[in-house]
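Participant: Once you've had a glance at the structure underneath, I'll fire off some questions.
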Amino acid sequence: MSSGANMHITVRLQFAKNVASFSDIATAIGQAGGDIVGIDVISSSKTHTVRDITVSVLDSKHADVVVDTLRKTSGVKVIHVSDRTFLMHIGGKIEVKSKIPIKTRDDLARVYTPGVARICTAIAEDPTKAYSLTIKRNTVAVISDGTAVLGLGDVGPYAAMPVMEGKAMLFKQLAGVDAFPICLDTKDTDEIVQIVKAIAPAFGGINLEDIAAPRCFEIEERLKQELDIPVFHDDQHGTAVVLLAGLLNALKIVDKKIENIKVVLTGIGAAGIACTKILLAAGVKNIIGVDRQGAIHRGVQYDNPYWNEYANMTNPENISGSLSDVIAGADVFIGVSAPGILTVEDVKKMAKDPIVFAMANPVPEIDPEVAEPYVRVMATGRSDYPNQINNVLCFPGIFRGALDCRAIEINEEMKLAAAEAIASVVTDEELSKHTLSRACSTIKWQKKCAKPS
Ligand SMILES: NC(=O)C1=CN([C@@H]2O[C@H](COP(=O)(O)OP(=O)(O)OC[C@H]3O[C@@H](n4cnc5c(N)ncnc54)[C@H](O)[C@@H]3O)[C@@H](O)[C@H]2O)C=CC1
Ligand SMILES: CC(=O)C(=O)O
Ligand SMILES: [Mg+2]
């Protein structure tokens, strides 16, 4: 399955009018499996035409095939190839803007020295004034060490930036929260805790992102203890909230009760452990976690202490075996693990009306188009398929609520309330196997989360 969401390339071509026609070009692209979605004439002379042809392709390899085919077409010269997703990232995706124009010396004297000194003094005398006189009350730090970026793994702090910039955009656009991407060039737990504590005065909340398990658990716990602003590991709690929201709606479609279902969840890391905990809190009784070595069960001493704890709270029948073994009879599959690990054969073994949430990004555990004929409800984490179950449905709104009521934490009750609120955005009349969730719907429910803690 393609990892490039809706990948389009734009190829600028020059072709000699007496050698090649546009239909030759269209045929070449079609034969290479590309789909023309746009044509712009750039210039035309008696002998040559230059056109920008935008082509939908499956992925980067497929793009190379299309371009190679064009290069081999007689009379055609490829001038350059661009990718609209790359174009969107040139120079980064966000910027800082002033709220007040500085037009006069008087303005300057008030926003900056000497006027600003009186503001500093006021805050020094009463630090809570930082909430009214600085950006703190509406600003969140998006912190990553780049060790578990989407499902790409440890790609490092530089490569993590596009995701963190994207999260900052979503905070702003969906909930009006100002967010800064901060990617740290360290994997040391103590150092990360120390750095985040040291920068905390500027922020009203800390959103930890894409920090690998199990280190993420300690970092979050210590920061929660030591800071008086909400600290929220999005991959754990944002994911858990949206998963529960999606499941509540999916269960209505299949008419099953949460306490009766069997759930198999793959990927017992940051997202998987938090998803399991919220499902247990919501009433699921039978949940089996599967990681690379198979089902997590009691009777094994795992090196990962979180898995020993996991074995004690899940898998009531203490079943061992591979994903293919334990999936038999499951009502729900939840994947927060790795691409392509669920097969159609596995899905066929599930109970009647299977619910499959293949949430790994960017490539899910099963291609939704392959799974679709065998499942009742299918969801992924992607924006280019129906039923997006992605923490973007949660983190902007839950922080909006937390900042507005100046909450000092985001607790379990707030997460459950957020899940129910997100689920409720889709009304019973609208609910169908293709409208489980509504992406970008945080504005409507965020107010419900904004209760003082
Ligand atoms: N849709 C959404 O909103 C979200 C999706 N995710 C996705 O979930 C995945 C995991 O993310 P995190 O929990 O943050 O990472 P993590 O690194 O904390 O955990 C990943 C876990 O998956 C396990 N795993 C890897 N390959 C596996 C396989 N073949 N079979 C079974 N288990 C396997 C790893 O051993 C590890 O325990 C990523 O693909 C990520 O993009 C994560 C957060 C939100
Ligand atoms: C969506 C997200 O946070 C992830 O895949 O890591
Ligand atoms: Mg993430």
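Participant: SER432 to GLU369: extension gain in nm, 0.36 nm per residue of separation minus the Cα-Cα distance?
Facilitator: 20.9 nm
Participant: Further question: I'd like to compare 43-51, 190-198, 173-181: which one has the highest average count of other Cβ atoms within 10 Å, and what's the full order after that?
Facilitator: My ranking of the peptides, most packed first, is 173-181, 190-198, 43-51.
Participant: Between ILE100 and ASN318, what length in nm is gained on full extension when 0.36 nm per residue of separation is reduced by their alpha carbon distance?
Facilitator: 72.3 nm
Participant: Whole angstrom only: what separates the Cα centroid of the range 43-103 from the Cα centroid of the range 238-294?
Facilitator: That distance is 42 Å.
Participant: Using a Förster radius of 41 Å, what is the FRET efficiency between ASN304 and ILE195 based on their Cβ-Cβ separation? Nearest 0.05, please.
Facilitator: My answer for the efficiency is 0.95.
Participant: Positive end of the dipole of the range 105-229, charges at C-beta (+1 Lys, Arg; -1 Asp, Glu), about the Cα centre: which of ALA202, ILE182, CYS120 has its Cα farthest in that direction?
Facilitator: Of the candidates, CYS120 comes out farthest on the positive side.
Participant: Given a Förster distance of 45 Å, report the FRET efficiency between GLU412 and LYS77 from their Cβ-Cβ distance, rounded to the nearest 0.05.
Facilitator: Calculated value: 0.15.
Participant: A further question follows. With each pseudo-label sitting 7 Å past Cα toward Cβ, what's the SER45-LYS252 distance in nm, one decimal?
Facilitator: 6.4 nm
Participant: I need to check one value: relative contact order of the range 237-449, counting alpha carbon pairs closer than 8 Å and at least 6 residues apart, in percent.
Facilitator: Relative contact order here is 21 percent.
Participant: By a straight-distance test (C-alpha under 18 Å), which lysines pair with LYS61 as possible cross-link partners, with residues fewer than eight away in the same chain excluded?
Facilitator: LYS72
Participant: Can you tell which of VAL81, VAL55, VAL41 lies farthest toward the positive end of the dipole of the range 3-100, using +1 and -1 charges on the Cβ of basic and acidic side chains (Lys, Arg; Asp, Glu)?
Facilitator: Working it through, the farthest residue towards the positive pole turns out to be VAL41.
Participant: Return the percentage of antiparallel bridges among DSSP beta bridges fully within the range 252-385, rounded to the nearest 5 %.
Facilitator: 10 percent
Participant: Over the chain, what is the percentage of antiparallel beta bridges among all DSSP beta bridges, to the nearest 5?
Facilitator: 45 percent
Participant: Let me ask something additional. Keeping the other protein chains in place, figure out the carbon and sulfur percent of the accessible area of the chain, with a 1.4 Å probe.
Facilitator: Taking all protein chains in place, the chain shows 54 percent carbon and sulfur surface.
Participant: Under the rule of -39500 (n - 2.57) per DSSP H run of 4 or more residues, summed and divided by the residues of the chain, what mean residue ellipticity at 222 nm is obtained, to the nearest 500 deg cm²/dmol?
Facilitator: About -11000 deg cm²/dmol.
Participant: Could you give the length gained by full extension between ALA351 and VAL111, i.e. 0.36 nm per residue of separation minus their alpha carbon distance, to one decimal place?
Facilitator: Difference between extended and current length: 80.0 nm.
Participant: Can you compute the modelled spin-label distance between ARG118 and LYS17, with each label point 7 Å from Cα toward Cβ, in nm?
Facilitator: 7.3 nm
Participant: On average, how much accessible surface per residue is there in the chain, in Å², for a 1.4 Å probe, leaving out ligands, DNA and RNA?
Facilitator: Heavy-atom SASA per residue in the chain reads 48 Å².
Participant: Count the lysine pairs in the range 237-449 whose Cα atoms lie under 13 Å apart, taking only pairs 8 or more positions apart in sequence or on different chains.
Facilitator: The number of close lysine pairs in the range 237-449 is 9.
Participant: Each residue of the range 342-359 in order: what ³J(HN,Hα) in whole Hz does its phi give by Karplus 6.51 cos²θ - 1.76 cosθ + 1.60, θ = phi - 60°, with x for Gly and Pro?
Facilitator: Each residue of the range 342-359 in turn: 9, 9, 4, 4, 4, 4, 5, 7, 6, 5, 4, 6, x, 10, 10, 10, 9, 9 Hz.
The values are calculated or read from the model by the stated rules, or taken from the named source; none is laboratory data. Model, not experiment: these values are computed from the prediction. Cβ coordinates were reconstructed from backbone atoms using ideal geometry, including for glycine residues, and neighbour counts include every protein chain displayed. Accessible surface is based on the protein model in full, side chains and every heavy atom, while ligands, DNA and RNA are left aside. Shrake-Rupley method; radii C 1.70, N 1.55, O 1.52, S 1.80 Å.
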